[in-house]
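Novice: Dropping a structure here in structure tokens format, bear with me for questions.
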Amino acid sequence: MHHDRLGIYVNTKENCAVRISSPYWIPSGADWVLVTLDTNATLIRVREAAREKGVVADAETIIWGDFAKLAHRA
């Protein structure tokens, strides 16, 4: 299993985060950034990590994404 690809990803276009704890679907593409390997991170920690990595202009606008809607678009 690719544990180094599990974690929380932020979509920089949609300013939303998804928790990936299974290799069933790993986000790919330039819009998806792995911000933490901690699959149990809170939204506060996700925003902090996104801010530290500079992946979005305003990390406070990041929300949890709807996996079902986002997965079929990737």
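Every number here is computed from the coordinates shown, using simple stated rules; none is lab data. Quick caveat: nothing in here was measured; it's all calculated off a predicted structure. As a convention, Cβ positions derive from the backbone with ideal geometry for all residues, glycine included, and neighbour counts pool all protein chains shown.
Novice: With a point put 7 Å past each Cα toward its Cβ, work out how far Asp4 is from Asp38 in nm, to one decimal.
Specialist: Modelled inter-label distance: 2.1 nm.
Novice: Only one of the values (1) 28.9, 89; (2) 11.1, 33; (3) 22.2, 60 was calculated from this structure for Rg and Dmax of the Cα atoms in Å; name its label.
Specialist: (2)
Novice: Once you have the Cα-Cα distance between Lys53 and Lys13, take 0.36 nm times their residue separation minus that, and quote the gain in nm to one decimal.
Specialist: Separation in residues times 0.36 nm, less the Cα-Cα distance, equals 12.9 nm.
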